[in-house]
Amino acid sequence: MGETAKIILGDKTYELPVITGSEGEKAIDITKLRAITGHITYDPGFGNTGACKSAITFMDGEKGILRYRGIPVEELAEKSTFVETSFLLINGHLPTRAELNRFSVLLNDHSLVHEDMQAFFTNFPRSAHPMGILSSMVNALRSFYPKLDGHSKDQDIVVQMTRLLSKVRTMAAISYKISMGHKVVYPRPDLSYCANFLNMMFDSPVRPYKMDDDMVKALNVFWILHADHEQNCSTSAVRLVGSARVNLYAAISAGISALWGPLHGGANQAVIQMLKEIHAAGGDMEPFLARARDRNDPFRLMGFGHRVYKTYDPRAKIMKAMVHKVLAKLDIHDPLLDIAQKLEEVALRDAYFIDHNLYPNVDFYAGILLRALGIPTDMFTVMFAIGRLPGWISQWKEAQDDPDWKLHRPRQVYVGKNENKYLYMDERLEL
Ligand code: CMC
């Protein structure tokens, strides 16, 4: 046995293997712990638990590093496209020209959504949240697109992955158009993935959408920054649900539901709401900071803090720079950006935020960028979901192919009543 960790329980010492990751991360392998000691570990929120070995994304929360398949996110944001980054995450390497062409053709071929699905979008109440619609519609994809006859399991998975990447983007735009009572715009084969999305969202019979390469670049960067983030809440949901060997659509639908939460992907919408409230209060941010510092108040400064990053989120830096570029190009002055920058400045000098290592995360500036692109606030988390798809898909695929993979089934420490007797109604005491 190589490096080991010793655990002493009573008068017995047990040795457990230590695993070392390719970036030197250490983990104590406790897979045999219960069998040899009768004990389990207790780790609410899984902050100290490695649920899998993964070769997809590396992040160092202390140094603020994020790499997909070894490539720094900064480099991908500068040089790559969302489609190329998706290929990289799913297949483990950057595509050759031929591979990228084939991938783009597949995405184009699968970009249409079954016409019968439009009835579902129409029948959701107009007030329905787009994340609820999206998770339902993604789950429904399996009913509309059952396994293809004559396809091997591998071919079927490639088709499912491509369908998701291409159709979810189309579905998001359909959902928006229908919620507005507007005519649905179909994807076009002559437009790139991101340009197509903008066109499906904003083209109208009375006002053709004017494509701007800088906005297309901004959307590529936005989605690259969201493409994967190792074992976050929604990805863990995808892996956990997928561990029951459910189909990919159902697993991704679970990820979308998890992402909806305001502590996760829902934070980008919550940040804008918070900035608007500060704006409405005449820009006075002190009451918000005071509430964030108060341990008895559940309020949190949205867009601040992260389970893993204890320094500035590298994605937030790129997002902030992109916000400045896009606003300058569109010649927009957004008062929410002024408030966000001031809030960041004040919070980063504040003892509470310094002591708790709270820095802006990816969501802090994301909403300001999306607003500038014309995306409605209630669709912000949908934008995160489209970006996170290649990550969810690649993590699901990695898990499916993992020979060590098991049905996810955590244990618990039971703290309820000991064996108890059933009482008939007239034996029960009235309280
Ligand atoms: N504002 C005020 N206090 C905070 C905040 C915040 N945004 N975040 C953490 N804290 C405090 C928290 O109150 C606690 O304080 P104490 O130890 O004194 O009781 C301490 O920091 C640790 O909090 P925690 O909840 O145990 O930390 P965590 O690692 O579970 O938190 C988090 C991660 C993202 C849930 C949290 O920082 C948060 O709620 N942030 C606001 C929501 C947000 O912006 N979410 C987006 C995350 S990035 C996008 C994504 O990948 O999902």
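The values are calculated or read from the model by the stated rules, or taken from the named source; none is laboratory data. It should be emphasised that the depicted structure is a prediction, and the values quoted were computed from it without experimental measurement. Here the Cβ positions follow ideal geometry from the backbone for every residue, glycine too, while neighbour counts run over all protein chains shown. Protein only, heavy atoms only, side chains kept; ligands, DNA and RNA dropped before computing areas. Shrake-Rupley method; radii C 1.70, N 1.55, O 1.52, S 1.80 Å.
In table form, for the structure just shown:
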| quantity | calculated |
| --- | --- |
| Single unsatisfied condition, residue 63 versus (1) more than 16 Å from the ligand (Cβ to nearest atom); (2) in contact (Cβ under 8 Å) with a residue 40 or more places away in the chain; (3) touching a strand residue (DSSP E or B) at 6+ places or on another chain (Cβ under 9 Å) | (3) |
| Scope the range 264-291; condition farther than 23 Å from residue 383 by Cβ and either within 15 Å of the ligand (Cβ to nearest atom) or open to solvent by less than 10 Å² (accessible area, probe 1.4 Å) (or both); matching residues | 285, 286, 287, 288, 289, 290, 291 |
| Residue 197 vs. criteria under 30 Å from residue 246 (Cβ atoms), free of Cβ contacts under 8 Å to residues at least 24 places away in the same chain, among the aromatic types (Phe, Trp, Tyr) and outside any loop (DSSP other than H, G, I, E, B) | no |
| Some residue of the range 67-74 being in contact with a strand residue (DSSP E or B) (Cβ under 8 Å, 6 or more places away or on another chain) and of a type in the set (Val, Ile, Thr) | yes |
| Subset of the range 41-65 [of a type in the set (D, E, K, R) and farther than 20 Å from residue 314 by Cα] | 43, 53 |
| Among the candidates 359, 422, 365, 414, residue that is within 15 Å of the ligand (Cβ to nearest atom) and open to solvent by 60 Å² or more (accessible area, probe 1.4 Å) | 359 |
| Boolean, residue 244 is among the aliphatic types (A, V, I, L, M), assigned to a loop (DSSP other than H, G, I, E, B) and touching a residue at least 12 places away in the same chain (Cβ under 8 Å) | yes |
| Enumeration of residues in the range 114-166 that are part of a helix (DSSP H, G or I) and either in contact with an Asp or Glu (Cβ under 9 Å, 6 or more places away or on another chain) or charged (D, E, K, R) (or both) | 130, 131, 142, 144, 153, 154, 156, 162, 163, 166 |
| Test result for residue 293, charged (D, E, K, R) and out of contact with any Phe, Trp or Tyr (no Cβ under 7 Å at 6 or more places or on another chain) | no |
| Verdict on residue 351 being hydrophobic (A, V, I, L, M, F, W, C), within 15 Å of the ligand (Cβ to nearest atom), at pLDDT 95 or above and open to solvent by 50 Å² or more (accessible area, probe 1.4 Å) | yes |
| Single residue of the range 217-235 satisfying the filter (in a helix (DSSP H, G or I) and near the ligand (Cβ under 10 Å from one of its atoms)) that is surrounded by the fewest Cβ atoms within 10 Å (Cβ to Cβ) | 233 |
| Number of the exception - residue 37 against (1) in contact (Cβ under 8 Å) with a residue 12 or more places away in the chain; (2) out of contact with any strand residue (DSSP E or B) (no Cβ under 7 Å at 6 or more places or on another chain) | (2) |
| Tally of residues being open to solvent by 70 Å² or more (accessible area, probe 1.4 Å) and aromatic (Phe, Trp, Tyr) across the range 28-62 | 2 |
